[in-house]
Structure formats: structure tokens, C-alpha cells
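FYI, it's all coordinate maths here, none of it is from the lab. Predicted model only: the values in this text are computed from it and were never measured. Here the Cβ is made from the backbone with ideal geometry for all residues, glycine too, and neighbour counts use every protein chain on show.
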Amino acid sequence: MIVVLRLGHRPRRDQRVTTHVALTARALGADEIWVSTEDEGLERTVRGVVERFGGRFRIKTGVDWRKAIRTWKGDIVHLTMYGEKLSKALPRIKSRKLLVVVGAEKVPRELYDMATFNVSVGNQPHSEVAALAIFLDRYTGRKSLDRDFRGRLRIVPNPRGKTVVDRGEGGRGKDP
């Protein structure tokens, strides 16, 4: 089980980026996203994607992040540009239950002490979406991109256009 915890979401400012964090988490192997700030609009958006494109991804907003971390039974990976290099930390991350923490704003210092691993995906400023994508891709052994979500809508790779197949209600219709 992989859960992504989004810390410090500011609905008016971070709506688009937090949506991208959620969609990246879903596409690259996470089972859930928890967001520290309550945001019903974000929940509707993510649930709508899951309904159309499939999968069992869940979203929960308004999560008390300190309590979530204190009660988590598994490894806690905080993605930060100040952490240990991903290539050094990854072989030591062994838990089947993983809580991956990404911040929206400056995270409280105490998070660094609460995390099992503080991991950097590069030591330069960059997007938390990029860090999450790279981390999940490496953690899942680069297999998550090939999953079939069994959704009603399926995007078919096409080098010259957009091909979207509507597989009907059950999501199991025939593809071209």
C-alpha cells in the first residue's frame, strides 16, 4: 500500500499543483492521497478522474498530518531537496506500507524527525510533482506505467493524434 500525504495545500493557490500531485500519485502506483487541508472541489475532481479512467484510487482531505504520521505502520518517506540521495535511500526502503510526504509550502522542521527517510530527488529546486513521479517510478520498479486501470475511458498511445476509447460502463469493452 502506498499513500501520498500532501502537506500544506492552500486551495486558492495550490489547486492545480495539488491536483497534479494526486493524478501523478494515481498514475504511478499510489493507492490513496491524503491532503492536510479540506478541499471538496479537489475531492470531486480526483474522484471524477477515477470514475472515468478507472482504478481504485482514493482521496481524503482535511487529514491531521501529525496524527496520520504518528499512527502510520510502515515507512514514511519525506520527499525534499535537502534529503539523502534517492539512489542511496531507495535500497533501504523495504516496507510494504509506505507513506510518501510532499509539501506545498515550507514544511515544519518536525517532519524531518518524524520521517523514516528524508529523500531528495535531486538537490536543486524543482516541482514536488516531478519528485513524486520519479520516486514512485523507481520505487515500483518502473512497472506502474504499464497498468490497465480498467476504466470506462482508455487513452491509446498514438504518435500523431489523440485516441480515446470509451469502453462503456464496466470498462471492459474491446479496444481497437
Under a crude label model (7 Å from the Cα following the beta-carbon direction), how far is HIS126 from ARG66 in nanometres? 3.3
Using a Förster radius of 35 Å, what is the FRET efficiency between ARG44 and GLU84 based on their Cβ-Cβ separation? Nearest 0.05, please. 0.40
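If we count other beta carbons within 10 Å of each Cβ, what is the order of TYR139, TYR112, fewest first?
Working: TYR139 20, TYR112 13.
By the 10 Å Cβ count, ascending, the order reads TYR112, TYR139.
Starting from the range 66-147, pick out the GluC sites (Glu not before Pro) whose DSSP state is loop and whose Cβ has at most 11 other Cβ atoms within 10 Å. Intermediate results must be reported in sequence, preceding the final value.
On the way: sites: GLU84, GLU105, GLU110, GLU128; in loops: GLU105.
Sites meeting the loop and neighbour criteria: GLU105.
Are any of the pairs LYS85/LYS143; LYS73/LYS106; LYS67/LYS97 more than 18 Å apart by Cα-Cα distance, and if so, which? Walk me through the numbers on the way to the answer.
Details: LYS85/LYS143 22 Å; LYS73/LYS106 25 Å; LYS67/LYS97 16 Å.
Beyond 18 Å: LYS85/LYS143; LYS73/LYS106.
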To the nearest 20 debye, what is the magnitude of the charge dipole of the chain about its Cα centre, counting +1 on the Cβ of each Lys and Arg and -1 on the Cβ of each Asp and Glu? 440
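Between ARG10 and ARG160, what is the FRET efficiency for a Förster distance of 41 Å, r being their Cβ-Cβ separation, to the nearest 0.05? Each step should come with its number before you reach the end.
Numbers: r = 39 Å, r/R0 = 0.96.
Given R0 = 41 Å and the Cβ-Cβ separation, E is 0.55.
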Label assignment, Rg and Dmax of the Cα atoms in Å derived from the structure, set (i) 24.0, 75; (ii) 16.0, 53; (iii) 16.7, 52: (iii)
Between ARG92 and ARG138, what is the label-to-label distance in nm when each label sits 7 Å out along the Cα-to-Cβ direction? 1.4
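Kyte-Doolittle mean at least -0.5 and Cα extent at least 15 Å along the axis: which DSSP H helices of the chain qualify?
Values: long enough: 11-27 (24 Å, -0.84); 40-53 (20 Å, -0.45); 128-139 (16 Å, 0.97).
Membrane-span-like by this criterion, though nothing is claimed about a membrane: 40-53, 128-139.
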J(HN,Hα) series, the range 32-39, from Karplus relation 6.51 cos²θ - 1.76 cosθ + 1.60, nearest Hz, glycine and proline x: 8, 10, 10, 10, 5, 9, 5, 7
Identify which of GLY103, GLY141, GLY83 has the largest mean-square fluctuation in a Gaussian network model of the chain, with springs joining Cα atoms closer than 10 Å. GLY141
With x for Gly and Pro, the residue-by-residue ³J(HN,Hα) of the range 108-123, computed from phi through the Karplus equation 6.51 cos²θ - 1.76 cosθ + 1.60 at θ = phi - 60° and given in whole Hz, is x, 3, 4, 4, 4, 7, 7, 6, 6, 9, 9, 10, 9, 9, x, 10
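Quick one: order LEU79, LEU145, LEU23 by neighbouring beta-carbon count within 10 Å, fewest to most.
On the way: LEU79 24, LEU145 11, LEU23 18.
By the 10 Å Cβ count, ascending: LEU145, LEU23, LEU79.
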Ranking HIS78, HIS9, HIS126 by Cβ neighbours within 10 Å, fewest first, what do you get? HIS126, HIS9, HIS78
